[in-house]
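To start, the structure under review is shown below, and the notes come after it.
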Amino acid sequence: MAFSVLKRQATALCCILALSGPALAQDLFAPRLYVNDRVITEYEIAQRALFLQALRAPGNPEEEALKALIEDRLQRSEAARLRLTLTDQEVMQGMNEFASRANLTAEGLIAELGKIGVAGESFRDFVSAGLLWRKAVRARFAGQVPVSENDIDRALEAQTRPRALRVLVSELVIPAEPGNEAQALALAQRLSDTVTSEGAFASAARQYSAAPTAGNGGRLDWMPLANLPGAIGAAVLALGPGEISDPVTVPGAVVLFQLRDVALDQSAEPVAVTVEWADFLIPDDPAQIATIRANADECNDLLGLARGLPGDRLTITKQPAGDVPGDVGLELARLDPGEISLALARNGFRRLIMLCGREVTREEPLDRNQVREAVINQKLEGLAEGYLEELRAAAYIREP
């Protein structure tokens, strides 16, 4: 998360409020929009916009915040109509579940958000609205989402066999600099909708992609599907040969994938992959990069090269491949142990990403009840979107 930048923005906002006196502070809590009989304030929009920026969500933060808060009000109103409530334990569990995606506890995430001016109550409201909506959707469609044993068997197959697949894909990486996320996403969506052949995708990659593969039309070599981050692997797996994915958002970029081929290995055992990788921040200096390349064949070599530098310049992380940040995971997927990537940057430094190692381990047996719940949730997602559209169409939304 770009907490340092957002912290400066939040500090600037606080200074403006302090210098402008109580009038501006009062306006911050003034109504911006009414959704039926529920109010959305300027303060809530500012809070949600900062929160979305911290998550690096695509689009204009204020516009996306307002859109999300309208949905929030619709969902809360429907939950109230159905007399649905949450316990403190349910809310805390939901907050911890969300925070775990960033390898934090709820308390840890609230502390980090506090550094950029996002109140803990704003995070709690965000989580509780989602939990209430989940309950409302289940209440509305209770008994209308049948799940057979065959559905569970297919889901089990989908969660195990694909990990034994190898895929042949092409990539197109569109940079999304801060403030230009919406334009990058729009370009990616246009290409996804209009490019229809492998040749056209290769041509678009040469024109628009910032990846090292651009000159080769974005073509990657065969790789195990398990090497890809979870969200990217799922997007690729949903494609048929020749099809192009919907835009996939990763930190600092929007990525398109074209599936060229899939290799099935029906005899392979399901596997989980854990990766260990180094992230070394170095000046973007060709001479220094050449020196590191010549003297670093494995991650332990980087420890010596980083001696005397600030501690945050070199980090070595070991985690499941599916938990690796999308931009890094995409780089690691193409590397063998000891190989490096220099495609990413941060805070004026070049990021030298080295794959230290990749471990394959047998997964724990999957629980059929958990799989059943996952299948139900997947089926409910499609119904929930239509449900929300009904509520939006019937709502009275107005400005003060």
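The values are calculated or read from the model by the stated rules, or taken from the named source; none is laboratory data. The shown structure was predicted, so the numbers you read here are calculated from the model rather than taken from an experiment. FYI the Cβ positions are ideal-geometry reconstructions off the backbone, even for glycines, and counts take in every protein chain you see.
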Could you please find all residues in the stretch 313-323 being outside any strand (DSSP E or B) and either outside the structural domain of R293 (by TED's automatic domain parsing) or modelled with pLDDT under 85 (or both)?
-> A321, G322, D323
Condition set surrounded by 13 or more Cβ atoms within 10 Å (Cβ to Cβ) and either polar (S, T, N, Q) or closer than 13 Å to F141 by Cα (or both), scope the stretch 369-387, selection modelled with the highest pLDDT: answer is Y387
Mind checking whether some residue in the stretch 269-290 is out of contact with any Phe, Trp or Tyr (no Cβ under 7 Å at 6 or more places or on another chain), without any contact (Cβ under 8 Å) to a residue 40 or more places away in the chain and farther than 29 Å from C356 by Cβ?
-> no
Search result, residues across the stretch 212-227 that are aliphatic (A, V, I, L, M) and at pLDDT below 90 | M223, L225, A226
Looking at L303, is it surrounded by 15 or more Cβ atoms within 10 Å (Cβ to Cβ) and among the hydrophobic types (A, V, I, L, M, F, W, C)?
-> no
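Restricting attention to the stretch 289-296, does a residue exist that is in contact with a Ser or Thr (Cβ under 7 Å, 6 or more places away or on another chain) and not in a helix (DSSP H, G or I)?
Scanning the stretch 289-296 turns up no residue that is in contact with a Ser or Thr (Cβ under 7 Å, 6 or more places away or on another chain) and not in a helix (DSSP H, G or I).
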Which one of L391, L309, L332 is outside the structural domain of L228 (by TED's automatic domain parsing), more than 30 Å from P178 (Cα to Cα) and not in a strand (DSSP E or B)?
-> L391
Tally, over the stretch 112-140, of residues that are of a type in the set (F, W, Y) and out of contact with any helix residue (DSSP H, G or I) (no Cβ under 8 Å at 6 or more places or on another chain) = 0
Where D301 falls short, out of the listed (1) assigned to a helix (DSSP H, G or I); (2) at pLDDT 90 or above; (3) within 22 Å of the chain's Cα centre (by Cα) = (3)
